[in-house]
There are 2 protein chains.
Amino acid sequence: MPLRLYDYAGSGNCYKVRLLLAHLNRPYQRIAIDIFGGETLTDEYARINPLRSTPVLELAGGRYLGESGAILVYLATDTPYLPDDPFELAGVIGWLIYEQTDVMPLIGGLRFRMLTGRLSPSDPDAIRRRDGAHDVLSHLEGHLSTRDFFVGDRYTIADIAIYGYTHVAHEAGLDLAPFESLRAWLRRVELQPGYIEDLEPYGDNATPGAGRSIYD
Amino acid sequence: MPLRLYDYAGSGNCYKVRLLLAHLNRPYQRIAIDIFGGETLTDEYARINPLRSTPVLELAGGRYLGESGAILVYLATDTPYLPDDPFELAGVIGWLIYEQTDVMPLIGGLRFRMLTGRLSPSDPDAIRRRDGAHDVLSHLEGHLSTRDFFVGDRYTIADIAIYGYTHVAHEAGLDLAPFESLRAWLRRVELQPGYIEDLEPYGDNATPGAGRSIYD
């Protein structure tokens, strides 16, 4: 059985996994999941992933793995995309955690609200979230100011994870002009062998109340 | 040089690292960091950890590692506390991420507010946070209802990470009585060789405005 990926097109978390699979040139079956059509709210989906999030990777033997960072680790083990060195491995895991605690909620959460019209740019909540996203971008910029990639001297799943939402920061109404090192790093990611672009952002059905997103 | 741990006594994130070091019987030098005394706000501390959080592990050669989950991975590599199998390794990383996105903010964040008097039990924000923490406890309970430990059949850093704040859930005003599997698991953790108890919770100086905590 090939790998199966339960995948929502508008999700940066899903894109990360598609991107790594492309780098690895690994075949897989994509199962499109319509979050806003309620497809993660069924009992069947809860058996696949009790947290009801996307992506989920299905392996041989009916084993399922949720959480994008965990899927990246699984696929990258014993490849150049995950370091063996304990200090570098730990550094990658630290960035995978920061991506989910800060990058995704602040940049991804704001992008979702802007693209679906839940917030307008001048809304106080949008301003507050832009300030938080700016802090995240500043932290990433500071780290990249003396490095080409997030960990060690090469492209790893730490870069893939952080690229997932930072490359669409402009869709959140964020201006990347002041973040020179970050912009140079985005270009470096896009030059990696096997790089593929993201799918389309949220479709017409991503309307308020039509379902529950990871950002709610 | 022995390992050095920059450590705040009231932090569950720091306790996780102390607990693993005790299991591993690894000597280290503890550097007490007083968050509320402003000791993470200095320029010197920003050089150690730009995110200004605790814990931070200092290694030989002036290398620093922040983020409790990352430190656990570093210390547990090539020990029984971190699985080699890629599926189990990925499962551990998934729980380390969930612990930081959900367990720590909801249970740890509520505990901090209750212990320092920032919230009273009947405050609407306390009620909202208790509901969120209850969802987290239910998810953990569901997972443990058919397993002794979070990943595979043995105690790993996934258990250590989740134990960090769940063992003090009562200090957040949460009632663990309905969570039978979780309570049995807490006892199993406490029977592991080398187990040590947590240090005291927030000291008298953990007063509003005295500094910035990870929960603010």
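The values are calculated or read from the model by the stated rules, or taken from the named source; none is laboratory data. The model shown is predicted, which means the values in this text are computed figures rather than measured ones. No Cβ is skipped: glycine too gets one built from the backbone with ideal geometry, and neighbour counts run over all protein chains shown.
Restricting attention to region A:1-55, report how many residues are outside any helix (DSSP H, G or I) and not small (Gly, Ala, Ser).
Counting residues in region A:1-55 that are outside any helix (DSSP H, G or I) and not small (Gly, Ala, Ser) gives 27.
Pick out the one residue from A:Gly91, A:Gly117, A:Gly69 that is over 15 Å from the mean Cα position of the chain (by Cα), within 12 Å of chain B (Cβ to nearest Cβ) and over 14 Å from A:Leu174 (Cα atoms).
On inspection, the qualifying residue turns out to be A:Gly91.
Scan region B:68-79 for residues that are of a type outside the set (S, T, N, Q) and either over 15 Å from B:Leu19 (Cα atoms) or at pLDDT below 95 (or both) and report the count.
The qualifying residues number 1.
Just one of B:Leu106, B:Leu96, B:Leu176 is farther than 19 Å from B:Thr54 by Cβ, at pLDDT 95 or above and buried (at least 19 other Cβ atoms within 10 Å of the Cβ); which is it?
Of B:Leu106, B:Leu96, B:Leu176, the one residue that is farther than 19 Å from B:Thr54 by Cβ, at pLDDT 95 or above and buried (at least 19 other Cβ atoms within 10 Å of the Cβ) is B:Leu106.
Give region A:80-93 a look and list any residue that's more than 20 Å from B:Leu75 (Cα to Cα) and surrounded by fewer than 22 Cβ atoms within 10 Å (Cβ to Cβ), or say none.
Result: A:Pro80, single match.
Go through region B:165-178 and give me each residue that's part of a loop (DSSP other than H, G, I, E, B) and closer than 21 Å to B:Thr101 by Cα.
The answer is B:His167, B:Val168, B:Gly173, B:Leu174, B:Leu176.
In region A:4-24, which residues are farther than 19 Å from A:Arg63 by Cβ and of a type in the set (Phe, Trp, Tyr)?
A:Tyr8, A:Tyr15, listed by residue number.
Is one or more of the residues making up region B:67-79 surrounded by fewer than 14 Cβ atoms within 10 Å (Cβ to Cβ) and either in a loop (DSSP other than H, G, I, E, B) or in contact with a His (Cβ under 9 Å, 6 or more places away or on another chain) (or both)?
yes
Could you tell me whether A:Thr54 is in contact with a strand residue (DSSP E or B) (Cβ under 9 Å, 6 or more places away or on another chain), in contact (Cβ under 8 Å) with a residue 40 or more places away in the chain and hydroxyl-bearing (Ser, Thr, Tyr)?
yes
State whether one or more residues within region B:127-144 are within 11 Å of chain A (Cβ to nearest Cβ), out of contact with any His (no Cβ under 7 Å at 6 or more places or on another chain), closer than 17 Å to A:Gln100 by Cα and of a type in the set (Ser, Thr, Tyr).
Looking through region B:127-144, none of the residues is within 11 Å of chain A (Cβ to nearest Cβ), out of contact with any His (no Cβ under 7 Å at 6 or more places or on another chain), closer than 17 Å to A:Gln100 by Cα and of a type in the set (Ser, Thr, Tyr).
Say we look at region A:72-88 and pick out the residues that are at the interface with chain B (Cβ under 7 Å from one of its Cβ atoms) and of a type in the set (Ser, Thr, Tyr); which of these is nearest to B:Thr101 (Cα to Cα)?
Across region A:72-88, the extreme among qualifying residues is A:Tyr74.
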